[in-house]
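As C-alpha cells, the structure follows; a few thoughts come after it.
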Number of protein chains: 2
Amino acid sequence: MISKPKIKFIRSLEMKKFRNESACFLAEGNKLVADILPSFDCECLIAKSSWLATQGDIHAKELIVAEENDIEKASLLKTPQDVIAIFRQPEYQLDKKNLKEDLSLVLDGIQDPGNLGTIIRLADWFGIKTIICSPDTADVYNPKTVQATMGAIAHVRVFYTPLVDFLKEMQDIPIYGTFLDGKNIYREQLSATGLIVMGNEGKGISPSVKKGISHKLYIPNYPPDTVSTESLNVAVATAVTCAEFRRKQTYQT
Amino acid sequence: MISKPKIKFIRSLEMKKFRNESACFLAEGNKLVADILPSFDCECLIAKSSWLATQGDIHAKELIVAEENDIEKASLLKTPQDVIAIFRQPEYQLDKKNLKEDLSLVLDGIQDPGNLGTIIRLADWFGIKTIICSPDTADVYNPKTVQATMGAIAHVRVFYTPLVDFLKEMQDIPIYGTFLDGKNIYREQLSATGLIVMGNEGKGISPSVKKGISHKLYIPNYPPDTVSTESLNVAVATAVTCAEFRRKQTYQT
C-alpha cells in the first residue's frame, strides 16, 4: 500500500520545479533501478516482493513492498514494471583541471530529454565521463532522460553552466564542434583531450557559443561531395563524432 | 472548417489498422510536409493560408484552408503546426537484383517508431536507399516514425518481409550483423555492397535471423578491451556502423 501523499510526490517528480525543490529524481524499471541502486542514495524504494527476491542487500531509507495495482497508481510509465525508486540527486563538483586532461562533451540547448538520455548512454560507451550543458538543455533528472540513459546516468556526470564563459576558461584545449561548413572529420587530426560541442536539434550551435570553438568539424554524407539538404539527429551525430575520436585514438594505423 | 468525419479519419491514422484499410498515412509540420509533398500523392492537405503563401504550386486532391483551432482539433501533435497532410502509401517493388549491387539495411524487430524514423533519417544521410524490415518491426507509416524521419521517408524505401527466407535468397552477398561477440568493426574489411542487419532494442538479432549472417561485427567501446555491461541505442549503433562502412569505402588510405 502506497500512501496518497507518496503517490502525489512521486508523480510530482515529472516536473522540474518539484525535482529542484526536493533534490530528488525518479527511476523506474527492473533493470534500470537494479543497475543504478548502488550509485545513488535511495530515499524510497517501492517494489514487488518478486523483484526484491532477485536482489541482494538493498540500501534505501524507506522500503515499500507493493502490489501491482499500487505501482500502477504511482508509475509514470505506460507499461509499469515491478519497481519505482526515488533517488537523491548527487552533488558533483566540476573539476576544470581534470577536464583538460580528458575528452568531454558540451551540449548547447538539447531540447529533447530522450536525446539527452541517449547521448549520456553513448558517452558512457565511448568512455566520456563528463557532459557540460547549457542551462537551457533538457534536465538530466527528467524521468524520460533517466530512462533513456539505460543506467549510464550512474557513470557520466552532467553539469549545467553558461557555456560562453565556460568555453573561455577552456581555450587552452581544443574545442570541437560539428557544423555543415566544418572540415571533414575523417581527414582531420583529432585530439585525445578536449571538448566536443553539440548543438540544439533544430538550430545547431548558437552563434555566441560558436565563437568559442577552435575546430569546426563536419560528418560527411554519402556519396561524398554531394550536397545534402538533410541532417542527422543530434544523438546520432554525437555518436558518429565520438566513435571517430575514439577510433583515431585507438585503431588509426 | 474541417468536417467531423475528416477529423475522425485523420485521427484514425494513428492506428495501423486504419492506415492499412485506407492505404494512407499522415504527416504534420511546416517543413516536413513541404519536404515530402513532391514525393507522395497527397489525398488531402489542410493548411493555414500563411503556410500556403510560402509554397509554390501544390498538387493535392483536396485542399482545405484552415484556421489554427481547426488544425488543433485534427492534429496528433502536442504543439500543432500550420499544416497536416494525408498521403497515399506508395507501392514500391523490391528488386532483389539491384539489392545485390548496393548497401542496404535489414531491421529485425525494431519496436520503437522513433528509432525506426531516426534510422530512416540516417540511412538517407549515408546513401542507403533500401531498408528491409521483419514483419514485427514498427510501421514506417506510424505518424511518430514519419515525424522522426524528418523527410527522409521520401528518399528511402522501406519493405516488410519475413527475414529468414529473405536472407537465404541473399547468401551470395555479405550479410553483416552487430553482436557483442562480433569482430571489431575497425579491424575488418567491409564490403561496399551487402546487407547490414540490426536487431531489436532489448533482444538484439533473433536466433533464426542470426543463422543467415555471414559477418559478425562489434562496435568497440572505450577504453578498448574493457568489458562493458552497457550497450548502445539501436539507432546509434546503426549510425556508427553505417558511418564506418562509408568511411572505409571513401576515406580509407
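Results, tabulated for the structure shown:
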{"item": "Set A:THR250, A:THR226: member being at negative phi, free of Cβ contacts under 8 Å to residues at least 40 places away in the same chain, outside any loop (DSSP other than H, G, I, E, B) and surrounded by fewer than 20 Cβ atoms within 10 Å (Cβ to Cβ)", "result": "A:THR250"}
{"item": "Hits in segment A:215-253 - residues which are among the small types (Gly, Ala, Ser) and over 21 Å from A:PHE126 (Cβ atoms)", "result": "A:SER228, A:SER231"}
{"item": "Unmet criterion (only one of (1) modelled with pLDDT of 95 or more; (2) over 24 Å from A:ALA235 (Cα atoms); (3) at the interface with another protein chain (Cβ under 10 Å from one of its Cβ atoms)) for B:GLY212", "result": "(3)"}
{"item": "All positions within segment B:215-229 that are over 25 Å from the mean Cα position of the chain (by Cα) and farther than 19 Å from A:VAL236 by Cβ", "result": "B:PRO223, B:PRO224, B:ASP225, B:THR226, B:VAL227, B:SER228, B:THR229"}
{"item": "Residue within segment B:230-242 that is closer than 20 Å to A:ALA235 by Cα, assigned to a loop (DSSP other than H, G, I, E, B), within 13 Å of another protein chain (Cβ to nearest Cβ) and within 19 Å of the chain's Cα centre (by Cα) present", "result": "yes"}
{"item": "Residues of segment A:70-95 satisfying the condition of being acidic (Asp, Glu) and surrounded by 14 or more Cβ atoms within 10 Å (Cβ to Cβ)", "result": "A:ASP70, A:ASP82"}
{"item": "Evaluation of B:ALA152 against (1) more than 18 Å from B:PRO90 (Cβ to Cβ); (2) among the hydrophobic types (A, V, I, L, M, F, W, C); (3) crowded, with 19+ Cβ neighbours inside 10 Å; (4) within 14 Å of chain A (Cβ to nearest Cβ) (one fails), failing number", "result": "(1)"}
{"item": "Matching residues in segment A:184-209 - criterion: being among the hydrophobic types (A, V, I, L, M, F, W, C) and more than 11 Å from every other protein chain (Cβ to nearest Cβ)", "result": "A:LEU190, A:LEU195, A:ILE196, A:VAL197, A:MET198, A:ILE205, A:VAL209"}
{"item": "One residue from A:LYS203, A:LYS129, A:LYS144 being out of contact with any Cys (no Cβ under 8 Å at 6 or more places or on another chain), under 27 Å from A:LYS248 (Cβ atoms), basic (Lys, Arg) and not assigned by TED's automatic domain parsing to the domain that holds A:ASN20", "result": "A:LYS129"}
{"item": "Identity of the residue in segment A:104-122, within 10 Å of chain B (Cβ to nearest Cβ) and more than 17 Å from A:ASP136 (Cα to Cα), that ends up surrounded by the fewest Cβ atoms within 10 Å (Cβ to Cβ)", "result": "A:ARG121"}
{"item": "Yes/no for A:ILE64 being more than 30 Å from A:GLN249 (Cα to Cα) and either among the hydroxyl-bearing types (Ser, Thr, Tyr) or within 26 Å of the chain's Cα centre (by Cα) (or both)", "result": "no"}
{"item": "Helices (runs of 4 or more DSSP H) (entirely within segment B:45-164) containing at least 3 residues that are over 30 Å from B:ILE2 (Cβ atoms)", "result": "B:96-99, B:113-125"}
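Condition check ((1) touching a residue at least 60 places away in the same chain (Cβ under 8 Å); (2) more than 25 Å from B:ASP124 (Cα to Cα); (3) touching a Lys or Arg at 6+ places or on another chain (Cβ under 9 Å)) across all residues:
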residue	(1), (2), (3)
B:GLU28	yes, no, no
B:PHE40	yes, no, yes
B:LEU45	no, yes, yes
B:GLN55	no, no, no
B:ALA66	yes, yes, yes
B:ASN69	no, yes, no
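The values are calculated or read from the model by the stated rules, or taken from the named source; none is laboratory data. Predicted model only: the values in this text are computed from it and were never measured. Neighbour counts run over all protein chains shown; Cβ positions are idealised from the backbone, glycine included.
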